[in-house]
1. Rounded, prolate or oblate: pick one for segment 95-166, where a ≥ b ≥ c are the square roots of the eigenvalues of its C-alpha gyration tensor, a/c under 1.5 means rounded, and failing that, prolate if a/b is larger than b/c, else oblate.
2. Of Ile144, Ile189, Ile72, which is the most mobile in a GNM of the chain whose springs link Cα atoms less than 10 angstrom apart?
3. Show that you can apply the helix-only estimate: for the chain, add -39,500 (n - 2.57) for every DSSP H stretch of four or more residues, divide by all residues, and state [θ] at 222 nm to the nearest 500.
4. How far is helix 67-80 tilted, in degrees, relative to the longest principal axis of the Cα atoms in the chain, given as a value from 0 to 90 rounded to the nearest 10?
5. Tell me which residues come under 5 Å, amide H to amide H, from Ser153 once H is placed; ignore anything under 5 positions away on its chain.
6. With a cap of 10 neighbouring Cβ atoms within 10 Å, and only residues DSSP puts in a loop, list the trypsin sites (Lys or Arg not before Pro) found in segment 9-101.
7. For the Cα atoms of the chain, what angle does the longest principal axis make with the long axis of helix 125-134, in degrees from 0 to 90, nearest 10?
8. Looking at the chain, what % of its DSSP beta bridges pair antiparallel, to the nearest 5?
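Throughout, read-outs are computed from the coordinates displayed, never taken from laboratory work. Keep in mind the model is a prediction, meaning the values are calculated, not measured. Positions of Cβ are backbone-derived with ideal geometry, glycine not excepted, and every protein chain shown enters the neighbour counts.
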Amino acid sequence: MTNFKLGILASNHGSNLQAIIDACDSGIIQAEVSIVISNNSKSMALKRSNKKNIPSFHISNHTHPDPHLQDIAINKTLKDHNVNLVILAGYMKKLGPLVLKHYKRKIINIHPSLLPKYGGKGMYGMLVHREVIKSKEKITGISIHIVEEEYDSGPIIDQIKIPIDKNENAESLSKKISQIEHDFYVKTIGEIITGQIDLNSYYN
């Protein structure tokens with residue numbers, strides 16, 4: 001068993017989480033998912049992790065109404081499970097300063113647009129695709145970036161450009177992107193673990 005441990009934060013369906021779990025099981029990613037945290041007690045992400053007997057925790061405004069105590073709880077949970085890399089996989093909350101400080105340059109996120117376009121607070125999932133279509137873009141894509149204090153900020157690690165068909169709508173665009181993003185995220189995570197991608201190098 002590898003010593004490299006991933007901590008995954010997810011809010012809803014957890015399809016990227018499942019792709020990462022499967023990649024770890026098959027050896028495509030040389031790591032293990034050591035913990036899953038969700039701010040949604042009924043999320044499919046928690047059901048997926050429970051099915052694989054991965055330690056999973058619901059930490060949210062319901063369990064910790066005080067944002068500072070919530071930040072402490074998430075940070076402690078990640079540390080207690082010896083997490084080396086924190087992965088946001090459809091996590092809909094901003095991380096607190098304690099987690100950001102302790103895991104500085106060790107947190108990544110995937111976003112369904114070519115950042116900095118269509119990023120920031122309130123821009124996620126189908127809302128992004130609707131804005132892309134509304135703006136009559138000809139190309140969209142997927143971005144993987146290092147997480148910093150503000151939403152969708154931090155250095156971009158990699159991007160994939162995806163052409164938009166003439167008769168595309170938000171739903172078809174979402175489906176097209178979701179078919180690509182799982183493999184893209186898995187590939188990037190694998191390259192971080194093997195050292196092909198050095199997160200510190202984006203700050204030189």
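1. On the way: a/c = 3.64, a/b = 2.08, b/c = 1.75.
Note, shape of segment 95-166 comes out prolate.
2. Ile72
3. Working: 6 runs with 75 residues, N = 204.
So the helix-based figure for the chain works out to -11500 deg cm²/dmol.
4. Result, in degrees: 70.
5. Here Glu148 satisfy the definition.
6. Lys42
7. Once rounded, the angle reads 20 degrees.
8. Values: 11 of 26 bridges.
Approximately 40 percent, going by the DSSP bridge assignments.
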